[in-house]
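Chemist: Before I ask anything, let me first share the structure, which is written out below as structure tokens.
The values are calculated or read from the model by the stated rules, or taken from the named source; none is laboratory data. Just so it is clear, the structure is predicted and the values come from calculations on it, not from any experiment. No Cβ is skipped: glycine too gets one built from the backbone with ideal geometry, and neighbour counts run over all protein chains shown.
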Amino acid sequence: MYDYVVIGSGIIGSLITRELSKYAVKVLVIDKENDIASHQTTANSAIIHSGHDPKVGSLKAKFCVLGNKLYDDLEKELNIPLLRTGALVVANGKKEETALDELYQRALKNEVPEVSIISGEEARTLDPLLSKDITKALSLPTTKVTYPWEVAISAIGNAIKNGASFKRNAHVISIEKNSTHYVLHLKDGSTIASKNIINAAGVNSDVIASYLEEPEFKITPRKGEYYVLDRKAVGLFHQVIYPLPTDAGKGVLIVPQVHGNVLLGPTSTLVEDKECYSNTKEGFSYIKQHLKRLSKEIPFDMIIRTFAGVRATSTYEDFYIKESKLHKGFYHVAGIDSPGLTAAPAIANYVVHELLNIQAPLKTAFDPIFQKPKPFHSLPFETQQKLVRENPKYGNLICKCEKITEQEIIDAIHGPTGNDTIKGIKKRARAGAGLCQGGYCEGLVLKIIARETNKPLTEINYYASDTPILVKETKTNEKN
Amino acid sequence: MKKTDLAIIGGGAAGLAAALSASGSSLSILVIEREKVLGGILNQCIHNGFGLHMFKEELTGPEYANRFIEDLRRENIDVLYGTTVIDIQKKDTFLLTLTSEVHGYETLEAKAVIIASGCYERTRGAVQLPGERPKGIMPAGSAQRYLNIDGYLVGKKVFILGSGDIGLIMARRMTLEGAKVLGVAEIMPYSNGLTRNIVQCLNDYDIPLFLSHTVTDIKGKNTLEQITIQQVDEQFNPIINTEKVFDVDTLLLSIGLIPDVALFDSLKMKKSPITKSAIVDQSLMTSVEGLFICGNALHVHDLVDWVSKEGEKAGKYAKQYLLANRINPKNSKAIVPGDHIRYVVPHEIDFNNVTDDSVTLSFRVTKKMASGTFKVIQNGEVIQMKKAKYIAPAEMESLTIKLEELKSFDPITLSLEETL
Amino acid sequence: MRELTCIVCPVGCHIEIDEHQNVTGNRCSRGQKYAIEEITAPKRMLTSTVKTKFKDTPRISVKTSAPIPKELLFEVLKDLDDILIDNHVKIGDVIIHNIRNTNVDIVSTKSTLCY
């Protein structure tokens, strides 16, 4: 019997779980997929927004500004990468400058720190590749960029260290309520009993809610397509560049990423299939067209990858963070679309330390620090030499594009937040995330996973369970 | 710190030929190979068709590689196996940072370097192939490695995008091992592969070839379920109402090869945007003195025999450079790709450092032609002409210019005139 | 009248052959021989792999020492399925003599002692 089950191990569910692990309560976070954070958290702009854009007085505005500051703490505690890029919202011409000014006023009302309006020339001094048509810009120095799924994985890792549990492939198909607790029925036939449920199920949060009630919100999924430039584009742009926002959202952006890549996107289209992450020709044209307003010198030939995500936009115009009116102990943290990633630490604080009204005491032994080794390629040469002498597996280079060693892949497999899939290793160690997209190293990673988990090669999955890369062994009728 | 006169990065076809050609003097040569064996991509090319020119025999890839590997062993050329170059800098000499499980992190000092690092396969992302991203989509070469080296099929119902030789060979290979190949799509109106491969790999197994088609949608959440191909117009835009849908679990991509030279960006060698690799002179030296390059790392070849020839050249010139120990100040003039010529290697002639009496040009054309004449032109004058038949972009051509036939130290243009 | 593409050399002549085995379109005599053989008794080289018990080389590549009748390809592949190499082999070693009575051998094109 758990005190709290968190449904969904994305950025929201994982940070909530971590906050819960501060208390003397029994916590389980579950995910229907084969890994931590498989949906929105792995398909967004990775921006920690300043809070300039959300409606004044909304939870989105409040939690975005709070969350932005809290990432400084997360950086120290969870050792997550945080790129302090700052941002510019750019305007072309008088009409846009008026809209820019309104945005500036909104930023001030939202108490966004350090905002200012600068000229087009000043903008181009900071980022020389910006379009010459830009006449003014809103400077947002508190904007940052992180590596979202690493935050989720590290948060769960820290939570587990402090007593929480994680279960993957746990797909909730119905919820039963009796007098003392809830029973979650999973697709595999098993059940989980818990006194409280926190619904952080992203695009499926309305589905989870519907198992017990008519939800007050409905998810209206919006897809966003993205295009990723190889990390040799590092330094072409220094800040996050936004156009002026529209009803569809913040617009098509240029976003430097923590590992050197540059992200272009997203689009924003209403879709029916919540988990259909397809890129389209039209989406790419749209992005190229809209990026012209920001810069005319984007090297599209450096694109190495495309991806798409679906936002859990809901019919409720703000974040929906409430206890169910009908069912005590059933909490919804839903409709968390942008600025969800930024707001996540503030949402977690609010949910756990205010909304839940936890009676149990705080743990005195809670350790907020989650240690992990830095990427091997970023260490000084002498340190690398020393480490390799102690552990030769640091000498065996597996991913030549991103310079990832065998030991880093081994580390990504084992441990409470390790994963045994090709994509899970890519998320953790970055093997396969570079120029050749795993063309060289996928086979090597596959063999390492098989060895480390003592499984035959045909059981190593790409990502979901039952997605083996190697489908059939050839020549298996040996007689001699 | 390890030291060598010549470091050769890559022990595949190009590196092997370069090493052999550079040997036979007091110079120390070190081949750096990231796999545990020499041979490079030849090890997984188990089909035959290699060596018709070099050995006047039809060999399989591994047999072809073995000819060079045995010679290398006889010459006592040093090889570092399981070793990757992760950094390269130049002060007076080259400083390479090497990593391996056996020796850890080391630096190697080399007076000259030959880049023979081959190429990698163009990815789905690089062409923005639309659709979802389930398991089951991979480069044809990756599937080839899993099948021929490890012994596993990556799928049972296959479609192949790209009719270059890798795609055609894999169509046959997957079929022979029990998979069903439902078709090959090629965006161009003609196949890039050898006609014999169309016969032996597609026609023999009734595998349809869809010319002027490309993949326009990919469906499948976790595993690939379905692809859609469409006919394209002359601007390669999909034509509506030409969709054909295939239920497959595998899509192999054979959509191009790209020289694997990102590592050498740190040396800031001048690059050609067409070949996406270094600009070289007649000695296959890049704009960085002492840095040579050959094989697929320089420009993508279709016949390994020419890779070996090019590796031989690089080895010879690297050896010459090291033994002479100096070079004259450069006087480099461009070899310009003219009409119907996509690119020419070498890209320039350094007239002050020529050591032979002729220069051989390797080049590709932009258009398929039944018959045409290649012309070497200098200052408006035709220096040399060569008639040719069955000219195609997929087949690298060559032409040798005797330097005494050049009238001056001015740029040369190579062009192709179609015979109609 | 049958139309063929000759596969003997990279030119790939477009050949026509009639019911009396008159061949046109070939640029050399090899093309004539190929065309006649292709319509009477087509042959192909087969390259494939066989399984070994050696961890470092789980498969070695093999080939037929000469072209074999096209209709036997899948039968021969079944024969290869039955092979498990448990002694070290080198390039050129015969794996199966006279496969399916063709007078053609299955020959190794790789060594199990690569390392």
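Chemist: Output the residues belonging to segment A:1-52 that are among the small types (Gly, Ala, Ser) and not in a loop (DSSP other than H, G, I, E, B). Show your work before the answer.
Modeler: Of the residues in segment A:1-52, the ones among the small types (Gly, Ala, Ser) are A:8-10, A:13-14, A:21, A:24, A:37-38, A:43, A:45-46, A:50-51.
A:Gly13, A:Ser14, listed by residue number.
Chemist: Right, here's the next one. Could you say whether any residue in segment B:104-114 is within 8 Å of chain A (Cβ to nearest Cβ) and basic (Lys, Arg)?
Modeler: At the first step, the residues of segment B:104-114 found to be within 8 Å of chain A (Cβ to nearest Cβ) are B:104-105.
If we keep only those that are basic (Lys, Arg) too, we end up with none.
Looking through segment B:104-114, none of the residues is within 8 Å of chain A (Cβ to nearest Cβ) and basic (Lys, Arg).
Chemist: When the residues of segment A:262-274 are narrowed to those that are over 16 Å from the mean Cα position of the chain (by Cα), assigned to a loop (DSSP other than H, G, I, E, B) and of a type outside the set (A, V, I, L, M, F, W, C), which ends up surrounded by the most Cβ atoms within 10 Å (Cβ to Cβ)?
Modeler: A:Thr267
Chemist: Out of the residues in segment B:42-93 that are polar (S, T, N, Q) and at pLDDT 95 or above, state the one that is surrounded by the fewest Cβ atoms within 10 Å (Cβ to Cβ). Break it down stepwise before answering.
Modeler: Quick first cut of segment B:42-93, residues polar (S, T, N, Q) only: B:43-44, B:48, B:60, B:66, B:76, B:83-84, B:89, B:93.
Now restrict to residues that are at pLDDT 95 or above: B:43-44, B:60, B:66, B:83-84, B:89, B:93.
Details: B:Asn43: 21, B:Gln44: 19, B:Thr60: 25, B:Asn66: 23, B:Thr83: 27, B:Thr84: 22, B:Gln89: 12, B:Thr93: 17.
My answer is B:Gln89.
Chemist: Let me ask something else. Would you confirm whether any residue within segment B:347-362 is out of contact with any Asp or Glu (no Cβ under 9 Å at 6 or more places or on another chain) and without any contact (Cβ under 8 Å) to a residue 12 or more places away in the chain?
Modeler: Looking for residues that are out of contact with any Asp or Glu (no Cβ under 9 Å at 6 or more places or on another chain) and without any contact (Cβ under 8 Å) to a residue 12 or more places away in the chain, one finds none in segment B:347-362, hence no.
Chemist: A further question on this structure: Determine, yes or no, whether B:Val158 is crowded, with 23+ Cβ neighbours inside 10 Å and under 17 Å from A:Ile469 (Cα atoms). Full working, then the answer.
Modeler: Numbers: crowded, with 23+ Cβ neighbours inside 10 Å: yes; under 17 Å from A:Ile469 (Cα atoms): yes.
In short, yes.
Chemist: Only one of (1) under 25 Å from A:Gly235 (Cβ atoms); (2) of a type in the set (D, E, K, R); (3) free of Cβ contacts under 8 Å to residues at least 24 places away in the same chain fails for A:Asp101. Which number is that?
Modeler: (1)
Chemist: Here's another thing I want to ask about it. Could you check, for segment B:179-194, whether at least one of its residues is at the interface with chain C (Cβ under 9 Å from one of its Cβ atoms), closer than 18 Å to B:Ile41 by Cβ and either touching a helix residue (DSSP H, G or I) at 6+ places or on another chain (Cβ under 9 Å) or touching a residue at least 40 places away in the same chain (Cβ under 8 Å) (or both)?
Modeler: yes
Chemist: Right, another one. Here are some conditions: (1) farther than 25 Å from B:Asn148 by Cβ; (2) not polar (S, T, N, Q); (3) not in a loop (DSSP other than H, G, I, E, B). B:Val102 meets all but one. Which one does it not meet?
Modeler: Exception for B:Val102: condition (3).
Chemist: Under 29 Å from the mean Cα position of the chain (by Cα), at pLDDT 95 or above and closer than 30 Å to B:Glu35 by Cα, is that true of A:Tyr394?
Modeler: Numbers: under 29 Å from the mean Cα position of the chain (by Cα): yes; at pLDDT 95 or above: yes; closer than 30 Å to B:Glu35 by Cα: yes.
Yes, satisfied.
Chemist: Please pick out the residue among A:Lys400, A:Lys363, A:Lys393 that is in contact with a Cys (Cβ under 8 Å, 6 or more places away or on another chain), touching a residue at least 12 places away in the same chain (Cβ under 8 Å) and either more than 10 Å from every other protein chain (Cβ to nearest Cβ) or not aromatic (Phe, Trp, Tyr) (or both). Before you say what the answer is, go through the steps one by one.
Modeler: On the way: A:Lys363 fails: in contact with a Cys (Cβ under 8 Å, 6 or more places away or on another chain); A:Lys393 fails: in contact with a Cys (Cβ under 8 Å, 6 or more places away or on another chain).
Residue meeting the stated conditions: A:Lys400.
Chemist: Do you know which of the residues in segment B:104-125 that are among the small types (Gly, Ala, Ser) and crowded, with 22+ Cβ neighbours inside 10 Å is farthest from the chain's Cα centre (by Cα)?
Modeler: First pass over segment B:104-125, keeping only residues among the small types (Gly, Ala, Ser): B:104, B:110, B:112, B:116-118, B:125.
Adding the requirement that they be crowded, with 22+ Cβ neighbours inside 10 Å leaves B:110, B:112, B:116-118.
Working: B:Ala110: 25, B:Ala112: 22, B:Ala116: 10, B:Ser117: 10, B:Gly118: 6 Å.
Out of the qualifying residues, it is B:Ala110.
Chemist: Can I ask one more? Mind checking which residues of segment B:115-133 are over 24 Å from B:Ala14 (Cα atoms) and at the interface with another protein chain (Cβ under 7 Å from one of its Cβ atoms)?
Modeler: B:Gly125, B:Ala126, B:Gln128, B:Pro130, B:Gly131, B:Glu132, B:Arg133
Chemist: Give the number of residues within segment C:72-85 that are in contact (Cβ under 8 Å) with a residue 12 or more places away in the chain and either more than 8 Å from chain A (Cβ to nearest Cβ) or touching a Gly at 6+ places or on another chain (Cβ under 8 Å) (or both). Give the steps one after another, and end with the answer.
Modeler: Quick first cut of segment C:72-85, residues in contact (Cβ under 8 Å) with a residue 12 or more places away in the chain only: C:72-73, C:75-77, C:79-80, C:83-85.
Checking the rest, the ones that are also either more than 8 Å from chain A (Cβ to nearest Cβ) or touching a Gly at 6+ places or on another chain (Cβ under 8 Å) (or both) come to C:72-73, C:75-77, C:79, C:85.
Looking only at that region, the number is 7.
Chemist: Continuing with the same structure: Within segment C:96-115, restricting attention to residues that are part of a loop (DSSP other than H, G, I, E, B) and more than 10 Å from chain B (Cβ to nearest Cβ), which residue is nearest to B:Glu33 (Cα to Cα)?
Modeler: Just the residues of segment C:96-115 that are part of a loop (DSSP other than H, G, I, E, B), to begin with: C:97-98, C:102-105, C:109-115.
Restricting the remaining residues to those that are more than 10 Å from chain B (Cβ to nearest Cβ) gives C:97-98, C:102-105, C:112-113.
Values: C:His97: 36, C:Asn98: 38, C:Thr102: 41, C:Asn103: 40, C:Val104: 36, C:Asp105: 34, C:Thr112: 19, C:Leu113: 18 Å.
Only one residue fits best here, namely C:Leu113.
Chemist: Please name all residue pairs, on different chains or six or more residues apart, with Cβ atoms under 7 Å, provided the first residue is in segment C:48-62 and is within 9 Å of chain B (Cβ to nearest Cβ) and closer than 16 Å to B:Leu153 by Cβ and the second residue is part of a loop (DSSP other than H, G, I, E, B) and small (Gly, Ala, Ser).
Modeler: The qualifying pairs are C:Thr49/B:Gly151; C:Lys51/B:Gly151; C:Pro58/B:Gly151; C:Arg59/B:Gly151.
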